[in-house]
1. Kindly provide the set of residues from region 75-98 that are over 20 Å from residue 2 (Cβ atoms), at pLDDT 80 or above and surrounded by 10 or more Cβ atoms within 10 Å (Cβ to Cβ), ordered by number.
2. Within region 4-24, which residues are part of a helix (DSSP H, G or I) and more than 11 Å from the chain's Cα centre (by Cα)?
3. Mind counting the residues in region 1-45 that are farther than 21 Å from residue 59 by Cα, surrounded by 13 or more Cβ atoms within 10 Å (Cβ to Cβ) and touching a helix residue (DSSP H, G or I) at 6+ places or on another chain (Cβ under 9 Å)?
4. Only one of 28, 53, 70 is touching a residue at least 12 places away in the same chain (Cβ under 8 Å) and not in a helix (DSSP H, G or I); which?
5. When residue 68 is evaluated against the numbered criteria (1) at pLDDT 85 or above; (2) within 22 Å of residue 8 (Cβ to Cβ); (3) surrounded by 12 or more Cβ atoms within 10 Å (Cβ to Cβ), which criterion, by number, is the only one it fails?
């Protein structure tokens, strides 16, 4: 989630082909590389559209309760607060109906 003009908005939605930690690590590296490429493109800040550099250093991450995702984000961002999605938590703890 990110803040824009006082509103909290999702920063990214990602569809992945697996739930392994290695898959999530590759995704995180892609985000980091995209930020680097963008910043390299606008080394001359006078040409930069927003005059700001992009950094992928989240303070908080809202994700579902995937063990691979939690481990991958914890590896790259050890001081980041990871928040589990309440919607997925509720569904994971929903009693099975017969």
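1. 75
2. Quick first cut of region 4-24, residues part of a helix (DSSP H, G or I) only: 21-24.
Passing the criteria: 21, 22, 23.
3. Selection size over region 1-45: 3.
4. Values: 28 fails: not in a helix (DSSP H, G or I); 70 fails: not in a helix (DSSP H, G or I).
Just one listed residue meets the conditions, 53.
5. That leaves (2) as the condition not met.
The values are calculated or read from the model by the stated rules, or taken from the named source; none is laboratory data. Everything numeric here is computed off the predicted structure, so don't read it as measured data. FYI the Cβ positions are ideal-geometry reconstructions off the backbone, even for glycines, and counts take in every protein chain you see.
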